[in-house]
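Visitor: Quick one: the structure is below, and I'll ask about it shortly.
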Amino acid sequence: MPIFSKNEINRRLQRFRSQFGECDVGIGFSFTNSYYLSGAPIMHSGRPTITVVPKHGEPVIVIAEIEKGRALLLSPIKDFRSYTDDDGPNVEAALRILVDVLKDLKAKNVGYDANWTPAATINLLKTLLPELEFTDLSSVFDGMRLVNSDEEIEIVRASSAIADVGMQAFLSEAKIGMREIELAGISMRAMTEFAGRSYPDTEVKVSFASQQGLRSLQAHGGTNGEPLSSGQLMCVVTTAFAWSYNTAVERVVALGDLNPEQERLRDALILAHRSAIDAVAPGVACSAVDNVARKIFTAAGFTQVHCGTGLARGVQNDFEGRIDRGNIRSYNHAPLLPGMAITIEPWAIVPGVGAPRNCDMVLVTDTGHEVLTKTPAGKLRIG
């Protein structure tokens, strides 16, 4: 059955059209924006899926023939123009079909998601249709995706619950001496089994990452076969994608006894995390939330804060989808809006100790906020 209702997709299309300006047609070239417009999450894998929305008339999806059956099931859009591998290089084949669609629509000005579209794609399209004008609608796409609808929020809730289960499995099973990779398997199995029981009609992808001690200085590093060793702070991350809506839980975990500097860092991390969450409310500037955490780190003597306090989540994959206006950063004075789903994950870099962090999913509501992930974030300890 479709991921989103027909009314939901129609709402998105109508809102998109209302912001075309001088454009005759709006196009989502990227996975993120093509999916947002069509309701069909087709990973490109070298074969483009392009959603074409005319100002007047029915939308069209240009798609690889092997992906067409999946899109037919998930999207309310029913005008598909497909290509096969026998039609030549996939990008060229897709763009030749797109050219025919644009000619049929008598398009003169095309708006598109320039932030996530390869320049080579647009250059080839300009060669095929040299008279066509192009307008960057990246800010339009970002503005639509920044605030989640009720249907999207339900997916974010599911994804958050799945990530929570993975973290809770780690905390329940972890013991000094167990290997990180073994715990990764336990956590991911718990997440997939829970998702299968609780959300059987939802496509889910999960991951687990962990870093002990100084390895946490390697931002976004992964898990290896190292056994859990006493005397370290550990950063643990469980991530879930439900229908490509991305959520994460991160926790700072003490392995055995800590030295005073490690304890001091953990105390600052817990306070910064809690205080930043408390600051989340509609109308509050993203920069204000970031500054709450930064002031706590500075007061504690930790001045190497090179990363912001969080970011907007929603439709994302591992390579695209972040929205600058949703970054919780000192430079970003954009206000938080009801319906935004953000992470709060402040962290400081401490040479010789590490850079672990706590992270929760937080929904901005009409009156304040709701923390969607439920795993405790206090003084967690193993051993």
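Visitor: Could you pull out the residue among Phe170, Phe141 that is crowded, with 22+ Cβ neighbours inside 10 Å, assigned to a helix (DSSP H, G or I) and touching an Asp or Glu at 6+ places or on another chain (Cβ under 6 Å)?
Guide: Values: Phe170 fails: touching an Asp or Glu at 6+ places or on another chain (Cβ under 6 Å).
None of the others qualify; the one that does is Phe141.
Visitor: Continuing with the same structure: What about Ile153, is it assigned to a helix (DSSP H, G or I) and either over 30 Å from Ala334 (Cα atoms) or not basic (Lys, Arg) (or both)?
Guide: Values: assigned to a helix (DSSP H, G or I): yes; either over 30 Å from Ala334 (Cα atoms) or not basic (Lys, Arg) (or both): yes.
Judged against the criteria, Ile153 is a match.
Visitor: Could you list all residues from the range 31-85 that are modelled with pLDDT under 95, under 23 Å from the mean Cα position of the chain (by Cα) and small (Gly, Ala, Ser)?
Guide: Correct list: Ser45, Gly46.
Visitor: On to the next question. Just for strands (runs of 3 or more DSSP E) wholly inside the range 299-374: which have at least 3 residues that are within 30 Å of Leu137 (Cβ to Cβ)? Steps first, please.
Guide: Details: elements: 341-344, 360-364, 369-371.
In the range 299-374, 341-344, 360-364 are the strands (runs of 3 or more DSSP E) which contain 3 or more residues that are within 30 Å of Leu137 (Cβ to Cβ).
Visitor: If Ala209 satisfies all but one of (1) open to solvent by less than 40 Å² (accessible area, probe 1.4 Å); (2) assigned to a helix (DSSP H, G or I), what's the number of the condition it fails?
Guide: Answer for Ala209: the failing condition is (2).
Visitor: From the set of residues in the range 328-359 that are polar (S, T, N, Q) and open to solvent by less than 10 Å² (accessible area, probe 1.4 Å), which is farthest from the chain's Cα centre (by Cα)? Show your work before the answer.
Guide: Residues of the range 328-359 polar (S, T, N, Q): 330, 332, 343, 358.
Retained after the next criterion (residues that are open to solvent by less than 10 Å² (accessible area, probe 1.4 Å)): 343, 358.
Details: Thr343: 10, Asn358: 17 Å.
Going through the qualifying residues, I end up with Asn358.
The values are calculated or read from the model by the stated rules, or taken from the named source; none is laboratory data. Source: prediction; values computed, not measured. Note that each Cβ is placed from the backbone with ideal geometry, even for glycine, and that neighbours are counted across all protein chains shown. Keep in mind that these areas ignore ligands, DNA and RNA; they rest on the heavy atoms of the full protein, side chains included. Shrake-Rupley method; radii C 1.70, N 1.55, O 1.52, S 1.80 Å.
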